[in-house]
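**Q** There's a structure below that I have some questions on.
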Amino acid sequence: MNRMTELDIKICGLSTRETVDVSIARGASHIGFVSFEKSPRHVEIEQMAELARHVDGRAKTVVVTVDPEDGEIDRLVTEVAPDWLQLHGRESPERVLAIKSATGLSVMKALPVADVDDLDRIAPYLGIADRILLDSKRPKGSNLPGGNGVSFDWRLLAALDRTVPFMLSGGLDADNVEDAVRIARPSGLDISSGVESAPGIKDVGRLQRFFDALDRIGEDELQGDL
Ligand SMILES: O=C(O)c1ccccc1N[C@@H]1O[C@H](COP(=O)(O)O)[C@@H](O)[C@H]1O
């Protein structure tokens, strides 16, 4: 069984053509760009548009945004034309539906998880968001809702209805990804800090190590498909 046909892999927070190319060559299905000024991974819309054109259909493009206003969404859709929007703030199900209807794009809704009760927040988004992204909660002192390089207890997901289409994120790296897949059984993985040499600086060596680790994952771990 080929890992690449079984799991979607999103590499997020890219800002160079080189790291886009390495990610795609190694099997990334989704390439993420961050539109959030407080983030070290933020890229301006013009640069994002250039990178999205560079992807040129080789992978799905995803713009990560946090509680975006309509004007920002309009610009992102018009100038970047991504395949997906990732909503990583406090967007309500109604807001997610409004954004999805207005843009016609696929929408991934990020939800923070720290304990089992947090999984109850998923249900209102089902049938609205095209995918749920389960991330860790923002650590104390961080001004970022994501991209903190922190994992949550994946064993909590044993309580999750297996039909929920979710991607797993939060602190994934080459050393823990096999455990993450075996325990959480997601249908996709989303990684940012774990393939960086410093906040916002993607590292080709770390990207290669991450994909090497994915390639070692065996058939038994790949049971998260929908
Ligand atoms: O990466 C960021 O800076 C970011 C900023 C604002 C919202 C989301 C962000 N990133 C997302 O965070 C998760 C986990 O990242 P990490 O691997 O723990 O660093 C991922 O979904 C990114 O898309």
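The values are calculated or read from the model by the stated rules, or taken from the named source; none is laboratory data. The shown structure was predicted, so the numbers you read here are calculated from the model rather than taken from an experiment. Positions of Cβ are generated from backbone atoms using ideal geometry, with glycine treated the same way; all protein chains shown enter the neighbour counts.
**Q** Only one residue in S197, S187, S193 is of a type in the set (G, A, S), in contact with a helix residue (DSSP H, G or I) (Cβ under 9 Å, 6 or more places away or on another chain) and under 22 Å from D21 (Cβ atoms). Which one? Please lay out each step first, then the result.
**A** Numbers: S187 fails: under 22 Å from D21 (Cβ atoms); S193 fails: in contact with a helix residue (DSSP H, G or I) (Cβ under 9 Å, 6 or more places away or on another chain).
None of the others qualify; the one that does is S197.
**Q** Could you list, ordered by first residue, the pairs with Cβ atoms under 6 Å in which the first is in region 192-218 and at pLDDT 95 or above and the second is within 15 Å of the ligand (Cβ to nearest atom) and small (G, A, S), at least 6 apart or interchain?
**A** S192/G13; S192/G147; S193/G149; D203/S197; R209/A174; F210/A174; A213/A174
**Q** Could you run through region 185-201 and say how many residues are surrounded by 22 or more Cβ atoms within 10 Å (Cβ to Cβ) and more than 11 Å from the ligand (Cβ to nearest atom)?
**A** 1
To keep it simple, each residue is scored yes or no on (1) within 21 Å of L126 (Cβ to Cβ); (2) charged (D, E, K, R); (3) under 19 Å from the mean Cα position of the chain (by Cα); (4) part of a helix (DSSP H, G or I).
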{"residue": "E50", "(1), (2), (3), (4)": "no, yes, no, yes"}
{"residue": "E72", "(1), (2), (3), (4)": "no, yes, no, yes"}
{"residue": "E79", "(1), (2), (3), (4)": "no, yes, no, yes"}
{"residue": "Q86", "(1), (2), (3), (4)": "yes, no, yes, no"}
{"residue": "I99", "(1), (2), (3), (4)": "yes, no, yes, yes"}
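**Q** For region 21-31, which residues satisfy the criterion of being closer than 12 Å to Q208 by Cα and crowded, with 24+ Cβ neighbours inside 10 Å?
**A** S23, A28
**Q** Moving to a separate point now. Does V34 satisfy the criteria of being in contact (Cβ under 8 Å) with a residue 12 or more places away in the chain, in contact with a Ser or Thr (Cβ under 7 Å, 6 or more places away or on another chain) and crowded, with 22+ Cβ neighbours inside 10 Å?
**A** Values: in contact (Cβ under 8 Å) with a residue 12 or more places away in the chain: yes; in contact with a Ser or Thr (Cβ under 7 Å, 6 or more places away or on another chain): no; crowded, with 22+ Cβ neighbours inside 10 Å: yes.
Here the answer is no, as V34 does not meet what is asked.
**Q** Out of the residues in region 88-97 that are under 17 Å from G146 (Cβ atoms) and crowded, with 16+ Cβ neighbours inside 10 Å, which is nearest to the chain's Cα centre (by Cα)?
**A** Residues of region 88-97 that are under 17 Å from G146 (Cβ atoms), as a first pass: 88-91, 96.
Checking which are crowded, with 16+ Cβ neighbours inside 10 Å leaves us with 88, 91, 96.
Working: H88: 9, E91: 16, V96: 16 Å.
In this case the residue turns out to be H88.
**Q** When you scan region 117-138, do you find a residue that is free of Cβ contacts under 8 Å to residues at least 24 places away in the same chain and in a loop (DSSP other than H, G, I, E, B), even just one?
**A** yes
**Q** Right, something else. Given (1) at pLDDT below 95; (2) touching a Leu at 6+ places or on another chain (Cβ under 9 Å), identify the lone condition not met by T16.
**A** (1)
**Q** Moving on. Scan region 29-38 and give yes if some residue there is at pLDDT below 95 and outside any loop (DSSP other than H, G, I, E, B), otherwise no.
**A** Initial filter on region 29-38 (at pLDDT below 95): none.
The answer is no; no qualifying residue exists.
**Q** Also: Output the residue which, of all residues in region 123-148 that are within 16 Å of the chain's Cα centre (by Cα) and farther than 21 Å from K60 by Cβ, is farthest from the ligand (Cβ to nearest atom). Outline the logic, then answer.
**A** Step one: filter region 123-148 for residues within 16 Å of the chain's Cα centre (by Cα), giving 129-138, 144-148.
Among the residues that remain, those that are also farther than 21 Å from K60 by Cβ are: 136-138, 144-145, 148.
Numbers: S136: 7, K137: 11, R138: 9, L144: 5, P145: 5, N148: 5 Å.
So the residue we want is K137.
**Q** Any residue in region 153-169 that is of a type in the set (V, I, T) and within 15 Å of the ligand (Cβ to nearest atom)? Talk me through it step by step, then tell me what you get.
**A** Taking region 153-169 as the starting set, the residues that turn out to be of a type in the set (V, I, T) are 163-164.
Narrowing further to those that are within 15 Å of the ligand (Cβ to nearest atom): none.
Looking for residues that are of a type in the set (V, I, T) and within 15 Å of the ligand (Cβ to nearest atom), one finds none in region 153-169, hence no.
**Q** Could you list all residues from region 101-112 that are out of contact with any Leu (no Cβ under 7 Å at 6 or more places or on another chain) and part of a strand (DSSP E or B)?
**A** Taking region 101-112 first, the residues out of contact with any Leu (no Cβ under 7 Å at 6 or more places or on another chain) are 101-102, 104, 106, 112.
Those that are out of contact with any Leu (no Cβ under 7 Å at 6 or more places or on another chain) and part of a strand (DSSP E or B): S106, P112.
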